[in-house]
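Derivation of every value follows stated rules applied to the coordinates shown; laboratory data play no part. Keep in mind that this is a model prediction, so the values were computed, not measured. Don't worry about glycine lacking a Cβ; one is built from the backbone with ideal geometry, like all the others, and counts go over all protein chains shown.
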Amino acid sequence: MRTGAHTLPSRREEKSIKKPMEESTRVALEAEIVRRLERCAVMRYEVFAKIELEIAQVEADIRMSGVPMLSRLELLNAGVPHAEVDRLLPLERPLRLD
């Protein structure tokens, strides 16, 4: 707002003043946001499920082909997390750490 002789807000300032939102409009917007977030979560789940299925199919194909898979060390050096390496290549006998 300008000071001095003019105390009314300029047109630009008038446009920037936010009017309170109607309660029903706010509730409708919040509901739409929730619906969109839920839809995104479902789509994300579906995408991850498809990826996991594809990975499982590739792993099965590799095992059936007889082609040697990467060693544990190669996977770890490539940045694959230990838990994932353990899932992909279960140890025949547990490691002893004593």
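Observations, loosely collected:
- Dipole magnitude (debye, nearest 20) for region 20-88, charges at Cβ of Lys, Arg, Asp, Glu: 100 debye
- Karplus-derived 3J(HN,Hα) values for region 75-82, using 6.51 cos²θ - 1.76 cosθ + 1.60 with θ = phi - 60°, are 5, 5, 5, 7, x, 6, x, 3 Hz; glycine and proline are entered as x.
- Amide N proximity, region 39-61 versus Val80 label position 7 Å along Cα-to-Cβ, cut-off under 16 Å: 52-61
- Compactness relative to 2.2 N^0.38 Å, alpha carbon Rg of region 20-88: 1.96
- For region 47-54, 3J(HN,Hα) per residue [Karplus equation, 6.51 cos²θ - 1.76 cosθ + 1.60, θ = phi - 60°, Hz, x = Gly/Pro]: 5, 5, 5, 5, 5, 4, 5, 4
- Virtual spin-label span in nm between Ala60 and Leu73, 7 Å along Cα→Cβ: 3.3 nm
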